[in-house]
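Some notes on the structure that comes next.
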Amino acid sequence: MVKRFRASRMRFAVWVFLVGLTGGCTIFQPAVPETIAVYRAEATQGALRAGVSVIDITPDEPIYLGGYGLMRESAAIHDPITCRALVLDRGGFEFAMVVVDLVGIQRGDLRTVRSRMTEAGIDPRHVWIVSTHNHSGPDTLGIWGLPPIMSGQDDEYMERVRDAIVESLRQARANTRPAELATASFFAPQAGWVKNLRRPGLVDREVAVLAVRAVGGGEPIATLVEFGCHPEVQDRQNNDITSDFPHYYRTAVEAEIGGVAFYVSGALGGLTSPDIDDDGDLWAECARVGNALAEQTLVTVRAITDYSSEPALRVWHSPLFLACENFGYRLMRVTGLLDRTLFKGGYVETDVSLVEVGAARWASVPGEITPDLGLRIKRAVAGSGVTAIVGLVNDELGYLLPEWDFDSSLFSYERTLCVGRRGGSRILERLTDLGLLAADATREDEQNE
């Protein structure tokens, strides 16, 4: 039986009613800062070094699974779930991604991890903690126990995850070696990979690729893809722990060319899902989607000829405060299921970033953004190379809907897991701002040449 849940998360219904309705006393809530500064940093010299690491974070005991239904307990392990780190270092300037096969990371857990990073001399603004949004892994958000009464999080497992994130960074930093990288993209076919369950045909079919290898045409170090699709071939009937189709993608790539393969999800909200035969063998469908993604990735990587050992590395990072209008979020926060600070006026803090790697630009979003918003963001931040949206970075706010669609009956389910009416649109606006700053930096470079 699943055990070890926080006693503090068990609350009396009367107390929930009296305090939860208002979200707590505003006297003790911090104020939203009057000014919000954008952080910018870049590599200015030196050759590229890259390092990777992989840590197994498969639960040792039965655990509640994140996604689909409440109190869905794991029964077996189909394939291991992992924490994978990639560190890019140029002249002491670092940018890193840590990718976990999890449904999401709460803001409170992120605060703990970032504190440990700082103690280790790592600037958290240079690190993306990315969840693949796997629906057959542990409930790391706590909302698939018995909300609002009982969390689905396992405390000991979450400590293991927090340790693994920091340790994976440490190992990847220790493993860096001279490297070169390239970026590219390809387009998913019209059928058989991804579909939009709300608005058929409206998906981001571009799959972004990052290839990192040892300098001088050496062996692969890392192969990363970004694909805008929920990793949810397996449905609510499955109780086996699995990373879903990314497992098959990574296994195939690593077996074929070596190195460490990474999968990150893009604009997967509202609601993009694998285009599969729902009545067929779902494990076979998992393998089909993952292997198809791997095959096209390998074709793309093998066609790349232009690698750089001194690529552009830039980071623009901005905090962002969003109005939390979701009563369920407020209630779960009061009962302890959601661990995040509520600011005066009912705001919650998150963040977005824009990162330039070579000619490519990657924008981070703190949840599940709809494809139309994702495509608008890509247009707003695009440079001369590949543009990618990476979802569930440093947060999981749930679905991020455009304001103009918020009241649509199409999104009646998504609204229950959406921070507020303006959430998605505010993220678009802030990333558009960062895109303008990136464009200015490009013009400045051109003038200095």
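The values are calculated or read from the model by the stated rules, or taken from the named source; none is laboratory data. Note that the coordinates shown come from a computational prediction; the quantities given were computed from them, not determined experimentally. With ideal geometry, Cβ positions are generated from the backbone for all residues, glycine too; neighbour counts draw on all protein chains shown.
Condition first: surrounded by fewer than 18 Cβ atoms within 10 Å (Cβ to Cβ) and closer than 27 Å to residue 127 by Cα. Now tell me which residues in segment 301-318 satisfy that.
Result: 304, 306, 308, 309, 310.
Kindly check whether there is at least one residue in segment 325-344 that is charged (D, E, K, R), surrounded by fewer than 24 Cβ atoms within 10 Å (Cβ to Cβ), under 24 Å from residue 261 (Cβ atoms) and in contact with a Gly (Cβ under 9 Å, 6 or more places away or on another chain).
no
Suppose the filter is touching a Ser or Thr at 6+ places or on another chain (Cβ under 7 Å) and at pLDDT below 95; does residue 87 pass it?
Criteria not met by residue 87.
Tally the residues that are closer than 18 Å to residue 359 by Cβ and either at pLDDT below 95 or out of contact with any Gly (no Cβ under 8 Å at 6 or more places or on another chain) (or both), restricting the search to segment 180-205.
3
Of the conditions (1) part of a helix (DSSP H, G or I); (2) crowded, with 24+ Cβ neighbours inside 10 Å, residue 134 satisfies every one except a single condition; which number is it?
Of (1) part of a helix (DSSP H, G or I); (2) crowded, with 24+ Cβ neighbours inside 10 Å, only one is false for residue 134: (1).
Can you tell me which condition residue 58 does not meet? The list is (1) part of a loop (DSSP other than H, G, I, E, B); (2) in contact with a strand residue (DSSP E or B) (Cβ under 8 Å, 6 or more places away or on another chain); (3) polar (S, T, N, Q); (4) under 24 Å from residue 317 (Cβ atoms), and all the others hold.
Residue 58 satisfies all of (1) part of a loop (DSSP other than H, G, I, E, B); (2) in contact with a strand residue (DSSP E or B) (Cβ under 8 Å, 6 or more places away or on another chain); (3) polar (S, T, N, Q); (4) under 24 Å from residue 317 (Cβ atoms) except (4).
Give me the pairs: first residue in segment 386-397 and over 15 Å from residue 423 (Cβ atoms), second residue acidic (Asp, Glu) and surrounded by 24 or more Cβ atoms within 10 Å (Cβ to Cβ), beta-carbon distance under 8 Å, and six or more apart or on different chains, which are they?
388/226; 389/204; 389/226; 390/226
When residue 436 is evaluated against the numbered criteria (1) of a type outside the set (Gly, Ala, Ser); (2) surrounded by fewer than 21 Cβ atoms within 10 Å (Cβ to Cβ); (3) over 17 Å from residue 356 (Cβ atoms); (4) modelled with pLDDT of 95 or more, which criterion, by number, is the only one it fails?
Single failed check for residue 436: (3).
Test residue 98 against the criterion of being buried (at least 19 other Cβ atoms within 10 Å of the Cβ), aliphatic (A, V, I, L, M) and over 21 Å from residue 43 (Cβ atoms), and give yes or no.
no
Can you give me the number of residues within segment 164-196 that are in a strand (DSSP E or B), farther than 30 Å from residue 371 by Cβ and not hydrophobic (A, V, I, L, M, F, W, C)?
3
Would you confirm, using the coordinates I've provided, whether residue 354 is surrounded by 18 or more Cβ atoms within 10 Å (Cβ to Cβ) and touching a Leu at 6+ places or on another chain (Cβ under 6 Å)?
yes
If you check 161, 113, which single one turns out to be in contact (Cβ under 8 Å) with a residue 12 or more places away in the chain, within 18 Å of residue 242 (Cα to Cα) and not in a loop (DSSP other than H, G, I, E, B)?
161
Among the residues of segment 202-226, write down those that are assigned to a loop (DSSP other than H, G, I, E, B) and in contact with a Phe, Trp or Tyr (Cβ under 8 Å, 6 or more places away or on another chain).
Passing the criteria: 205, 217.
Just the residues that are assigned to a strand (DSSP E or B) and either at pLDDT below 95 or acidic (Asp, Glu) (or both), please, taken from segment 61-84.
Within segment 61-84, 73 is the sole residue that qualifies.
I need a count of the residues in segment 234-291 that are at pLDDT below 95 and buried (at least 19 other Cβ atoms within 10 Å of the Cβ).
Qualifying residue count for the region: 2.
Residue 297 - would you say it is among the β-branched types (Val, Ile, Thr) and either part of a helix (DSSP H, G or I) or more than 30 Å from residue 195 (Cβ to Cβ) (or both)?
Answer is yes for this residue.
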